[in-house]
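Coordinate-derived values only; no laboratory data. These figures come from a predicted structure and were not determined experimentally. Backbone-built Cβ (ideal geometry, glycine too); neighbour counts: all protein chains shown.
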Amino acid sequence: MIGQGLNRVDGPLKVSGRAAYAYEHWEAGQPLYGVIVGATIGKGRITRIDTEDAESAGGVRMVMTYHNAPVQGPRDESIALEYWRAQPVLTGPEIHYYGEPVALVVAGTFEQARAAAELVDVEYAVGRGRFDFAGDDDETYIPKVVNAGLPTDTSVGDFDAGFDAAAVRVDENYTTPYEFSMPMEPHACLVEPRGEDLVVYVSCQIVDAAQSSVAGTLRMDPARIHIVSPFVGGGFGSKLGIHSETILAALAARELRQPVKVALTRQQVFQLVGLRPTSNQRVRLGAGRDGRLAALAHDVTMHTNRDLEYAEQTAATTRSLYAAPHRLTSHRLTPLDLPRGSDVRAPGEAPGLLAVESAMDELADALGMDPVELRIRNEPTVDPERDVPYSDRHLVDCLRDGARRFGWERRPATPASVREGRWLVGYGMSAAIRGHFQGPTAVRVRLEADGTAVVQSDMTDIGTGTYTILTQVAAEGLGLPPDRVRIELGRSELPSSWGSGGSWGAANSCTAVHRACAALREKLLVAARGDERSALHGRDPAGAVFAEGTVRIGDASQAMGEIVARHHPDGAEAEGTTLFMGDDPNYSAYSIHTYGAHFAEVGVDADTAEIRLRRMLGVFSVGRVLNPKTARSQLIGGMVWGAGAALEEEAVVDLRSGAFVNRDLAQYLVPVHADIPDVEVVILDGYDDKANVLGAKGIGELGICGSGAAVANAVFNATGTRVRDFPITIEKVL
Ligand code: MOS
């Protein structure tokens, strides 16, 4: 079963509308509707807030502002991961960014709540906000650590000496804009009071974190908070933690003793859930004429919200990508009065590789060397900063296989030298690397007397195919057909996990299922072997085969359901777990990553500079593939996003107010079908025995790593124009 392209087991529920998302749990009873009122200034304080008209409007049940909001638990910095911390809202009159919630209006219908929200009258004393990242950077500071607890700066050898002595040097700045996770399902929550408890139907990536965060904010016992999140319409990092809609729905439901639901509007998703920080990245590469890097530096400055620090690990994987004796990486923050930075798919690698892999292309150009060959010449033998072996690195295999499949030898050797009619044609490529994370995850597998199995965890399926791969791993682990395995996810009563994020979800939860199944098999064998009535009595369990619901040893066999019925009439259970990566010795002994190589072909209109992507190819090494169908979808999604980051995505700040001007999906451009003609994904056969017992690593974020740089490098190859200010729009190419 593992490695088969099983169709999504939850597919029929989703296409028939029976998969209930957070806003759709009608079983909770007739809900009230909450609408969030956001600040219309970016910095300052509320001087007066008049809710009288809103309160007396039709159907209104409550208007909550900082005047009457309950006291909430503080953000507790001693909790290691921020997703588990309290998220207090409406805490006072200060405004920290445009759109920050200033009131919640709750009414009997959504339309009543929305109409009354317009009647909340707020006056502000407008402060002097700083909204311009490009402004003077006197305030720029050094964070203590960057995201994922990684070191802010690293230094190996003597960069300045190595760089100065290099025969060929690249020293360029690249900028990336504000970008958003923007899942299809906006952030939404429905809270149902049940006695003293709250049932919280919420769209989230980590159920355990949601429970802790709601409990901490509402100052309640976590056991009284019941998170329900069986289906999630995408997260991309923005649902790792919970946000104001969830807290406000919970505060209102607790007070009104009635279900309350709150969903963000699309515009609010642009304001209230965090975004990828804008960055300025200086990349310096010094190499010999043979292309071997002597010195490599990646220095990143990015924005952070003034009060809520977030430092994306933009230069982190640069530390493991190429060999070079002299190296530097650094991260700096410029505090602004804008929404906080947060995790957006492949935090770090996505914008970091856009810069580094563009710079590598510039170096290849300066050397007159093929860009694929340049990467191969800088392939390290050990992790160059940590000095530990790689667990399973196949970057060169990806590069070579991709170049062959793509027809890389047809790449125009000289930029702007190939024209087909109106179109200048160019090829580009990029390497891909992505870190591998692991977090504590528990799964319970239960075998019933009828021979069916149930897998239980608070793990989420954020659209990636978790239900499907868990089915496959359990079916294989117990020797059952997949239709006799049922998966229960997304409830806080179930064994707790690190959920879905950071590309750790599949590897964590499948490893835990694999272990639980091994423990269950052992349990059945012990029972059967010691049972005189069993055909397996006294047989050597070493040769046991579990298949089609039966345990077979040699020529003897017994149905699994029968063993369960006889010895565990209430069902046989076992739990499987994974360790926090810091407690797993392989994490310190090895450098564990996934890899890939991206290739792109573009046509650029010689007169208008319109850029049309013609085809993309990604070749990846991810360890063992659990399901090639869901894996391919994940990788294509990432590659498409990378193309969008290269050519389209960008939020523009109104420097007077700190508002994002283009805060909707009509004006914030992302690729549509017509932008993406032909994407091919190849996944190399693999097995990383240092990652886990399944040999599988994460996939969700690898596709976006480097794909944008391949497109950018193709634009250079087509036109001879290098754009370092992303996205590459027409006016920058002309
Ligand atoms: Mo991911 S950006 O950790 O969901």
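General remarks:
- By other beta-carbon atoms within 10 Å, ranking MET639, MET581 with the fewest at the front produces MET581, MET639.
- Listed from fewest to most Cβ neighbours within 10 Å, the set LYS697, LYS690 follows the order LYS690, LYS697.
- Mean Cβ count within 10 Å, highest first, over the residues of peptides 420-428, 706-714: 706-714, 420-428
- Taking Lys and Arg as +1 and Asp and Glu as -1, the other residues whose beta-carbon sits under 10 Å from that of PRO541 total +1.
- Charged neighbours of ALA712, selected by a Cβ distance under 10 Å, balance to 0 (K, R count +1; D, E count -1).
- Counting only Cβ charges, +1 for Lys and Arg and -1 for Asp and Glu, the dipole size of the stretch 650-734 around its Cα centre is about 360 debye.
- Packing-based ranking, highest mean first, of 143-156, 101-114 given that Cβ atoms within 10 Å are counted: 101-114, 143-156
- The stretch 588-655: GluC sites (Glu not before Pro) in DSSP coil with no more than 16 other Cβ atoms inside 10 Å: GLU610
- The ranking of ARG282, ARG393 by Cβ neighbour count inside 10 Å, starting from the fewest, reads ARG282, ARG393.
- Relative contact order of the stretch 441-578: 36 percent, from C-alpha pairs under 8 Å at least 6 residues apart in sequence.
- Percent antiparallel among DSSP beta bridges (both partners in the chain, rounded to 5): 75 percent
- Relative packing of peptides 481-488, 447-454 - highest average C-beta neighbours within 10 Å first: 447-454, 481-488
- Dipole orientation for the chain: of the candidates ALA507, THR317, ALA710, ALA507 has the Cα lying most toward the positive pole (charges on Cβ; Lys, Arg +1; Asp, Glu -1).
- Cα gyration tensor shape of the chain, rounded if a/c is under 1.5, else prolate or oblate by comparing a/b with b/c: oblate
- Of the DSSP H helices in the chain, those with a Cα length along their own long axis of 27 Å or more and a mean Kyte-Doolittle hydropathy reaching -0.5 comprise 505-529, 628-647.
- Mean sequence separation of contacting Cα pairs (under 8 Å, at least six apart), scaled by the length of the chain, corresponds to a relative contact order of 16 percent.
- About the centre of its Cα atoms, the stretch 441-578 shows a dipole size close to 180 debye [charges on the beta carbon of Lys, Arg (+1) and Asp, Glu (-1) only; nearest 20 debye].
- Charge dipole (Cα centre; +1 on Lys/Arg Cβ, -1 on Asp/Glu Cβ; no other charges) of the stretch 92-180 amounts to roughly 380 debye.
- Residue-count net charge about VAL485 - beta-carbon cut-off 12 Å; Lys, Arg +1, Asp, Glu -1: -1
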